[in-house]
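The values are calculated or read from the model by the stated rules, or taken from the named source; none is laboratory data. Just so you know, these numbers come straight off a predicted model, no measurement behind them. Note: ideal-geometry Cβ built from the backbone for every residue, glycine included; neighbour counts use all protein chains shown. Only protein heavy atoms, including side chains, enter the accessible area calculation; ligands, DNA and RNA are left aside. Shrake-Rupley method; radii C 1.70, N 1.55, O 1.52, S 1.80 Å.
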Amino acid sequence: MCEPECPIEAIVPDSDPRAEALAEMKQGLSEIWPNITRKKAAPADADAWKDVPNKYADHFSDKPGS
């Protein structure tokens, strides 16, 4: 699923050290976030966020969206 949706630099192999931190974060969030069962339209401001640097460090929230 990620391959067609994510920028190529966001996709790393399981052996990459960045993948371990991401896996730990996803494990914790999977316990509180709902499952996505259908595709929705992109948010209206998606293009404005496309090239924003440091989105995870500066803007990430553990609160699930709607």
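Points to keep in mind about this one:
- Highest to lowest packing among 20-30, 34-44, scored as the average C-beta count within 10 Å: 20-30, 34-44
- Shown for the chain: the carbon plus sulfur share of the solvent-accessible area, taken with all protein chains present and a 1.4 angstrom probe, equals 56%.
- Averaged over its residues, the chain has an accessible area of 96 Å² per residue, based on protein heavy atoms and a 1.4 Å probe.
- Taken about its Cα centre, the chain carries a charge dipole of about 360 debye when Lys and Arg each add +1 at the Cβ and Asp and Glu each add -1 at the Cβ.
- Taking N as its residue count, the alpha carbon Rg of the chain over 2.2 N^0.38 Å: 1.22
- Ranking Met25, Trp49, Val12 by Cα position along the charge dipole of the chain, where only Lys, Arg, Asp and Glu carry charges on their C-beta atoms, puts Trp49 farthest toward the positive end.
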